[in-house]
Each structure stands twice: as C-alpha cells, then as structure tokens.
Amino acid sequence: MFGGSVGEAGGQKICRILDLAVQNGAPVIAFYDGGGGRIQEGVDGLAGFSEILWRHANTSGVVPQISSVMGPCTGGAAYSPALTDFIFMVEGSYMSLTGPEVIRSVTHKDITMEEIGGTAVHAMKTGLAHFVKNDDIACLHGIRELLSFLPDNNLELSPAGASSDDPKRRTGELEDLIPFNPGEPYNMKRLIRAVVDDGRFLELQEAYARSLIVGFARFANHTVGIVASQPNYLAGALTIDAALKGARFVRFCDAFQIPVVTFVDSPGYLPSLQEELGGVIRHGAKLLYAYAEATVPKITLITRKAYGGAYAALGSKQLRSDVNLAYPGAEIAVVGAQGAVNVLYRRELRQAGAQVEQVRARRVEEYRRKFSSPFPAAERGYVDAIIQPAETREQIVRALAGLLNKRSLRPPKKHSNLPL
C-alpha cells in the first residue's frame, strides 16, 4: 500500500501501539519494509513521523524496543529503528537517509544502495545492525531468542532459564587458556562459553568494534549482560567504536535491571592519531560514564592485562563495581611493565651496553612483581579476591547470588549529562 510509506493516519496507529506498550509493560517489535514518509501528505506526513520518533524516545528504558529491517528503510523512517534498542537486518535490506542518486549528484561518483546502507555497512562500519540474518524466517527466530533473555519491562526481572548446568561446575579447561607470554593473543569467547550456562552466549554487534565483546548469557538461570575484551583483535585495546558499543550496552542493561559481568584483558585505549582526532577522549568517556552511572550488580574479572584507561573504564572498583576478581597472573598498572621500565630506567638501560636486554628483563620482572601483579591491588581492596581459572564460574555465580537484591540510591536530578 503506497510502497509501505507512512502517512498521518498510519503514524497515529503506530503511536497508539507504542502508548499501549508503555501502559501494559509489553516489548515492542517493529518490521520495516517501506519508503519512509508519504510524500503526498506533505507536512501532515512529517508530523506523523515526528510523533513516532517522540514515542520511541519516551518508550526508551520502559520496555525493550526491537526493530527488524526486512527491506528498504529510508529517509526519516531510518531514524525510527535508530531510536530502538536492537536492530535486526535481513540480507538484501538497507537503511539510509538518502539514495544513490542524491549522493551521486553531490560527489559525481557511482555508488550502490548496498554501499550506502546495506547490511555489511551497518554490521561492520556504523554498528547500527546488532544482528544480520540470511532471511525473514531466521530473523524471526533471532528475535525470539533475544526476547528470551529480556524482561518485558523495566519493573520486571528477566525470564529465568531452565538450565541444569551445575552452578559450582569447575572450569578446569581455562587453566591453559591464557598464554604465558603476555603478548600472545587468545579468544575471550572461549572463556565466556566455558563459564556461562550451557555455553550459551548471544553476542551482539559481532562484526563491529571487535576488540570489545558484548552480549547476553545466563549464570544459574539468571540473565546477565557480558562485556569482555577480545585479545584476538587489536590486543583488546579500546577504540572509539568499542567505547560506544560498550557504553550503549551497559546503559541498556542498567535500564532493565540486568547485571553486568565484565572480563578484562586490555592494554588501554588504542594509541592512534586517527583515534585522537576522532575524539577518543570524548567518546571514550562515554564508557566510563556508563559504568559509573549503572546501579545494577556489576562484577569484574581481570584475566590478564588491565592497563591505564582499560582498568578504569571496564568496571573498576572506583566506578563502583560490586565484586572485582583477578587471576593470579593478572597485571594491573598504569602502563605495561615494558613501557614503564623504558621510562623509569632509561638512563640505566643506556649505560648497560651489551647487557641491555638482561638489565631490561630483570627490571621488567621486578616491576611486575612490585607493581603490576594483582596482589598490591588486593591489599588495597581494589580487588576482592584472587581466584584460579577453574573457580571462575562458581565465583561469579556466588557473587551474583549476593547481589540480586542490590539497591542503590542516587541524588535527585532531572537527568545526567552524558558526554555525547
């Protein structure tokens, strides 16, 4: 009907559904396959769309909003899914504000719809697509799976799972996961699947900002949000995109009372001219802000490196994480031992001559022992317990059990001022 465009009457129907969803505490699922606002209706069509966008903003944080783009979603209509919590895209669909003709008239370059707003663009570059599915049926199944982890609204708890996975199950397979060489990568997803119920982990935005992993899982049948460094990509360094990805996910979990479990192995924010000029300070602050603002139960495990900004941003005790754990081989410091030694002992290294590598190795070991190991942090209360990898699942389950009734009061205010 009219190419799936939305006019004044259609906008009123959509607004009515969104109002009912808020009143009844029901999630909203939207399907997009149309040409945006109805041109024939002029300003009335614009008004109808603007009312929908206001409803999305008003509904945010009250009930989960899920969008599924199954065809074209262009013009003002593209802002509608952008205001929702999760976006599914089906292969062959696209989202964009403009079309190839408009961009061609400005740039004088040939370009396709897929290059502007296809699934690959939004999965890997913009991060708009949380999931990409091969067809409509797979998309519907994906929506059902996501809903199985989420509460209906912000006043209810997430649905319980039905797993018989032993909460005290030991994870001995993790004893050999982390390489002895601190510069050697490993796959953090192996750790996540080893400790959650039945190894079931629903990852979001898998192809976007891959140095940070986010998704949903369960511990002892309780839904949690997982945030984890990925040492397999950029050594787990935080980037602008990773900070945005993590911040939005943490804020969703906080809005719907979903505890956040964080696994840290990161050298900090990525040192890069491109990142600096892109605003890594401003965007990186969003991740810090999201953790600081969140009042849900927060549990952090440092598996290996927690240097500089990564220590602070990824669920540190100072950002009010409730339980902080670390493996015995974890390193917690302002910078890595190699970098610290190069600065602190540069004169001694210059004078060492042929023995420079032996002197460097001795100083690195000394620095790690005195400053980077988790034991000084534990002595100061920044780490609550140093655990063996085989205890990981049991310790996280125990921590969650003690935090499920957590309450946190904040000073009254209209709203916070996130560093947008």
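The values are calculated or read from the model by the stated rules, or taken from the named source; none is laboratory data. Source: prediction; values computed, not measured. Here the Cβ positions follow ideal geometry from the backbone for every residue, glycine too, while neighbour counts run over all protein chains shown.
Below is a table of values for the structure above.
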item	result
Complete set of residues in the range 226-267 that are surrounded by fewer than 24 Cβ atoms within 10 Å (Cβ to Cβ) and at positive phi	LEU234, ALA235, GLN257
Selection count where residues are over 28 Å from GLY71 (Cα atoms), surrounded by fewer than 17 Cβ atoms within 10 Å (Cβ to Cβ) and within 20 Å of the chain's Cα centre (by Cα), scope the range 127-161	1
ILE111 being among the β-branched types (Val, Ile, Thr), touching a helix residue (DSSP H, G or I) at 6+ places or on another chain (Cβ under 6 Å), free of Cβ contacts under 8 Å to residues at least 12 places away in the same chain and outside any helix (DSSP H, G or I)	yes
Selection count, the range 364-403, where residues are at pLDDT 90 or above and assigned to a loop (DSSP other than H, G, I, E, B)	7
VAL364 under 30 Å from the mean Cα position of the chain (by Cα) and among the aliphatic types (A, V, I, L, M)	no
Filter result for the condition that a residue is surrounded by 17 or more Cβ atoms within 10 Å (Cβ to Cβ), over 17 Å from ASP265 (Cβ atoms) and either without any contact (Cβ under 8 Å) to a residue 60 or more places away in the chain or outside the structural domain of THR392 (by TED's automatic domain parsing) (or both), over ALA330, ALA340, ALA306, ALA352	ALA340
Residue in the range 33-55 that is within 30 Å of GLU203 (Cβ to Cβ), out of contact with any His (no Cβ under 9 Å at 6 or more places or on another chain) and of a type in the set (Ser, Thr, Tyr) present	no
Options GLN274, GLN257, GLN318; residue that is in contact (Cβ under 8 Å) with a residue 60 or more places away in the chain, over 21 Å from ASN154 (Cα atoms) and among the polar types (S, T, N, Q)	GLN318
The range 1-39: number of residues that are closer than 15 Å to SER68 by Cα and under 26 Å from the mean Cα position of the chain (by Cα)	6
The range 179-197 - residue that is within 19 Å of VAL261 (Cα to Cα) and either among the β-branched types (Val, Ile, Thr) or in contact with a strand residue (DSSP E or B) (Cβ under 8 Å, 6 or more places away or on another chain) (or both) and, of those, surrounded by the fewest Cβ atoms within 10 Å (Cβ to Cβ)	LYS189
Test: residue in the range 290-307 that is more than 19 Å from the chain's Cα centre (by Cα), under 27 Å from LEU204 (Cβ atoms), of a type in the set (S, T, N, Q) and modelled with pLDDT of 90 or more	no
Identity of the residue in the range 309-327, aliphatic (A, V, I, L, M) and farther than 17 Å from GLN395 by Cα, that ends up surrounded by the fewest Cβ atoms within 10 Å (Cβ to Cβ)	ALA312
PRO185 being assigned to a loop (DSSP other than H, G, I, E, B), over 19 Å from the mean Cα position of the chain (by Cα) and more than 20 Å from ALA390 (Cβ to Cβ)	yes
Neighbours by Cβ (under 8 Å, 6+ apart or cross-chain): first from the range 396-420, exposed (fewer than 12 other Cβ atoms within 10 Å of the Cβ); second hydroxyl-bearing (Ser, Thr, Tyr)	SER408/THR295; ARG410/THR295; SER416/TYR289
